[in-house]
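Notes for the one structure printed next.
The values are calculated or read from the model by the stated rules, or taken from the named source; none is laboratory data. Because the structure is predicted, anything quoted here is derived from the model rather than measured. When we count neighbours, we look across all protein chains shown, and the Cβ atoms used for this are built from the backbone with ideal geometry, even at glycine. All accessible areas refer to the heavy atoms of the entire protein, side chains included, with ligands and DNA or RNA removed. Shrake-Rupley method; radii C 1.70, N 1.55, O 1.52, S 1.80 Å.
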Amino acid sequence: MKILLVGSGGREHALGLGLHADPECTELHVAPGNPGIAQFATCHPLVISDNQAILDLAQKLDVELVVIGPEVPLVNGAADLLRAAGISVFGPSKAAAQLEGSKNFAKEVMADAGVPTAHSFTCTTQAEIEKALDTFGAPYVVKDDGLAAGKGVVVTRDRQEALDHALSCKRVVIEEFLDGPEVSLFGISDGKTVIPMQPAQDFKRALNGDQGPNTGGMGAYSPLPWAPSDIIEDTYIKVLAPMIAEMAARGTPFVGLLYAGLALTDHGTRVIEFNARFGDPETQVLIPLLKTPLAQLLYKAATRNLEGVTLQWSDESAVTVVLASDGYPASPAVGGVIGEFPTIEKVSIFHAGTTDSEKGLVSSGGRVLTVTGTGSDLTEARDRAYRAISHISLDGSFYRTDIALNASVAEKGN
């Protein structure tokens, strides 16, 4: 099977390795890719917001499967154009991708599907915004209705900060604060069948102790030793299956990866948000643990053939830590030279924002690398990840030192 993977980040590096490892994958092409991906796949220059360019490349390469990594081409309708040309695609249609493209749309679908989520108001005027902020009180949860590269959400006790963010959005969703640990749980869907993956937890705040601004994610780990034993089944029954059924009933079946961001509250599981693609950096811990061949799995989803498929997982743990450039997320520095990578057993270093230059490998984005360690438990996995990341030099770069720390301590206590 010849495959085209669209994207250039750490998520795509992890997906690319998973696809490449499947014996069914005879050729892997990635557009635009990155220097890490180029070590095992053929990379092609491409502007991912150009749907026609994606189709032209897929046709030129005569691929049997296109896997779309980032949200922008999905919300832009790239999957529709490819399907209309008879090419199998793992990724939802433009209509189905609105679950990520519009928080208000996702709330409407959840209401119709009976999926538990936070109470909310969708606002377009300052009067509506102020009323909503006063209704829920602090901490304020303010979400840009549209795509914002993982940085459209502000959670704050500062009413002025909440108001300023809300006023900067064309349309904004303001909702009640959900108290409780957050979990990411993905479902792979062919439009009618949905198969849950194992849960992961990511860390959105830039600094230790969940301090600092929201980011696209500073690290993640899986599995979650502290999570309820029935979390996968419970999420399937209450969240994933009803959403897939509702989308199908609307005539917009969801084919691809449905990312459910969950809060485990005292009143049960509540949905914080949906994304229409693999999460980053959760993918960098899930793919290394997934034993089911990835190319065959995604092809079965793309061709509406998931019934009867079950996922096989390693019994190991994985922890990934993001190396971020100076100034991330507000104004990340780029062009810094990245030092040599260490070679440590059971460590994978995924390129997220890198490019080749005359000076060697340099940073080209806010999140530069994600370093994943695997091991028999979370302690072993995080020891490997942190040993590796501590040996990578990039002027001004930083990383959190507490990814999976509490979970690993709790695991040892049990």
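This table checks each residue for (1) over 21 Å from the mean Cα position of the chain (by Cα); (2) modelled with pLDDT of 95 or more; (3) of a type in the set (Val, Ile, Thr).
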| position | (1), (2), (3) |
| --- | --- |
| Leu19 | no, yes, no |
| Thr26 | yes, yes, yes |
| Ala38 | yes, yes, no |
| Ala53 | yes, yes, no |
| Gly69 | no, yes, no |
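Of the residues making up the stretch 250-277, just one is of a type in the set (Lys, Arg) and either within 22 Å of Asp179 (Cβ to Cβ) or open to solvent by less than 20 Å² (accessible area, probe 1.4 Å) (or both), namely Arg270. Counting only helices (runs of 4 or more DSSP H) that sit completely within the stretch 97-196, those holding 2 or more residues that are free of Cβ contacts under 8 Å to residues at least 24 places away in the same chain correspond to 103-113, 126-136, 159-167.
In the set Ala302, Ala330, only one residue is at pLDDT 95 or above and hydrophobic (A, V, I, L, M, F, W, C); that residue is Ala302. Only a single item in (1) farther than 17 Å from Lys103 by Cα; (2) open to solvent by 10 Å² or more (accessible area, probe 1.4 Å) is not met by Val183, and it is number (2). Just a yes or no: is a residue in the stretch 32-42 touching a Cys at 6+ places or on another chain (Cβ under 7 Å) and part of a helix (DSSP H, G or I)? Looking through the stretch 32-42, at least one residue is touching a Cys at 6+ places or on another chain (Cβ under 7 Å) and part of a helix (DSSP H, G or I). The listed residues are Ile349, Ile392, Ile338, Ile344, and the only one of them that is of a type outside the set (Asp, Glu) and in contact with a Phe, Trp or Tyr (Cβ under 6 Å, 6 or more places away or on another chain) turns out to be Ile349.
Put simply, of Leu55, Leu46, Leu82 the only residue that is surrounded by fewer than 19 Cβ atoms within 10 Å (Cβ to Cβ) and either without any contact (Cβ under 8 Å) to a residue 40 or more places away in the chain or in a loop (DSSP other than H, G, I, E, B) (or both) is Leu55. What's the total number of residues in the stretch 199-240 that are among the hydroxyl-bearing types (Ser, Thr, Tyr), open to solvent by 10 Å² or more (accessible area, probe 1.4 Å) and assigned to a strand (DSSP E or B)? Residues meeting the conditions: 0. Only one of the numbered conditions (1) touching a helix residue (DSSP H, G or I) at 6+ places or on another chain (Cβ under 8 Å); (2) among the hydrophobic types (A, V, I, L, M, F, W, C); (3) open to solvent by 20 Å² or more (accessible area, probe 1.4 Å) is violated by Ala404, and that is (3).
Any residue in the stretch 17-33 that is open to solvent by less than 30 Å² (accessible area, probe 1.4 Å) and of a type in the set (Asp, Glu)?
Within the stretch 17-33, one or more residues are open to solvent by less than 30 Å² (accessible area, probe 1.4 Å) and of a type in the set (Asp, Glu).
Within the stretch 371-400, the set of residues being assigned to a loop (DSSP other than H, G, I, E, B) and surrounded by fewer than 19 Cβ atoms within 10 Å (Cβ to Cβ) comprises Ser376, Asp377, Ser390, His391, Ile392, Ser393, Asp395, Gly396. Quick check on Val6: is it farther than 23 Å from Leu297 by Cβ, at pLDDT 95 or above and of a type in the set (Val, Ile, Thr)? No: the conditions fail for Val6. Taking the residues in the stretch 118-159 that are under 23 Å from Ala97 (Cβ atoms) and among the charged types (D, E, K, R) as candidates, determine which candidate is most open to solvent (accessible area, probe 1.4 Å). Of everything passing the filter in the stretch 118-159, Lys151 is most open to solvent (accessible area, probe 1.4 Å). Evaluation of Asp280 against the conditions (1) open to solvent by less than 10 Å² (accessible area, probe 1.4 Å); (2) under 21 Å from Ala352 (Cβ atoms) shows that the sole unmet condition is (1). Checking each residue in the stretch 346-366 for being in contact with a Pro (Cβ under 8 Å, 6 or more places away or on another chain) and open to solvent by 30 Å² or more (accessible area, probe 1.4 Å) picks out Ser348, Thr355, Asp356, Leu361.
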